[in-house]
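Readers should treat all values here as calculations from the given coordinates under stated rules, not as data from a laboratory. Please read all numbers here as calculations on a predicted model, not as lab measurements. Quick reminder, even Gly has a Cβ in these numbers, built from the backbone with ideal geometry, and neighbours come from all protein chains shown.
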Amino acid sequence: MIREETIQVSGIRCERCVMRLAKVLEGHEGLTAANATLMGQVALAWDDERTSRDELVAAMARGGFRELQAV
C-alpha cells in the first residue's frame with residue numbers, strides 16, 4: 001500500500017540543502033517519491049510493505065535533517 005505524507009524538517013536553508021536531502025533519500029528501498037521545498041516541507045510517498053515512515057525519517061536524520069514536531 002502506498003502512503004503519502006508531507007512532513008516539516010529543519011536543516012533546509014538553500015537549494016544545495018534540497019539536493020543533499022535528495023542524495024540522502026536516493027535509492028531508499030520502497031520510496032516512490034520525494035519532493036522538498038526551501039520552506040522545509042518534504043512530501044514523501046512510500047510502499048508501506050517495503051519501508052516505513054520511521055525508516056525514512058531516520059534516513060533524513062542521518063543526513064542532518066530533523067523532523068519538526070507539530071505544535
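Numbers for the structure displayed
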quantity	calculated
Options 11, 63: the member that is small (Gly, Ala, Ser), on the phi > 0 side of the Ramachandran plot and more than 9 Å from the chain's Cα centre (by Cα)	11
Candidates 61, 43 - the one that is free of Cβ contacts under 8 Å to residues at least 60 places away in the same chain, within 23 Å of residue 1 (Cα to Cα), surrounded by 12 or more Cβ atoms within 10 Å (Cβ to Cβ) and among the small types (Gly, Ala, Ser)	43
